[in-house]
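The structure appears right after this line, and notes come after that.
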Amino acid sequence: TAEVTLTFDALFSGQLLTTETLSRMLPVGPLPGLREPPTAIDGGMGLFSNAASPYGRNYGHGGGGPGYDLTAGFYPDTPIGRLAVAVFVNTSGNERAADLEYALVGQLLGASPS
């Protein structure tokens, strides 16, 4: 998780790609079928954003399969500065990594999702 958060931070701070190249990856609009509350997923080239996030602008990517679930998120405009979070769980039957990410971000920001 440490390497993933460092990579996300480097990506969004301009250390890996030019601003122009990164802008091509950013979400450009809603993905069909992925706008069910409490999410409103917009997609780009490998990066997604939940427009319904109670924690503001965000970008990330996740995945899973039998026996694992993971997510990595980046929140550039939080009150404590930019925030990169990664959650990996070794189960596909209990809490989802994305739910744990939101709980962690809420705890770090001293807030709870609305």
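The values are calculated or read from the model by the stated rules, or taken from the named source; none is laboratory data. What you see is a predicted model; the values in this text were computed from it and never measured. Positions of Cβ are backbone-derived with ideal geometry, glycine not excepted, and every protein chain shown enters the neighbour counts. Protein only, heavy atoms only, side chains kept; ligands, DNA and RNA dropped before computing areas. Shrake-Rupley method; radii C 1.70, N 1.55, O 1.52, S 1.80 Å.
Of the numbered criteria (1) open to solvent by less than 50 Å² (accessible area, probe 1.4 Å); (2) touching a Phe, Trp or Tyr at 6+ places or on another chain (Cβ under 8 Å), the one ASN90 fails is (1). Here LEU104 passes the criteria (1) under 24 Å from MET25 (Cα atoms); (2) surrounded by 13 or more Cβ atoms within 10 Å (Cβ to Cβ) except the one numbered (1). Of the residues making up the range 74-87, those that are under 13 Å from PHE8 (Cα atoms) and surrounded by fewer than 20 Cβ atoms within 10 Å (Cβ to Cβ) are PRO76, ARG82.
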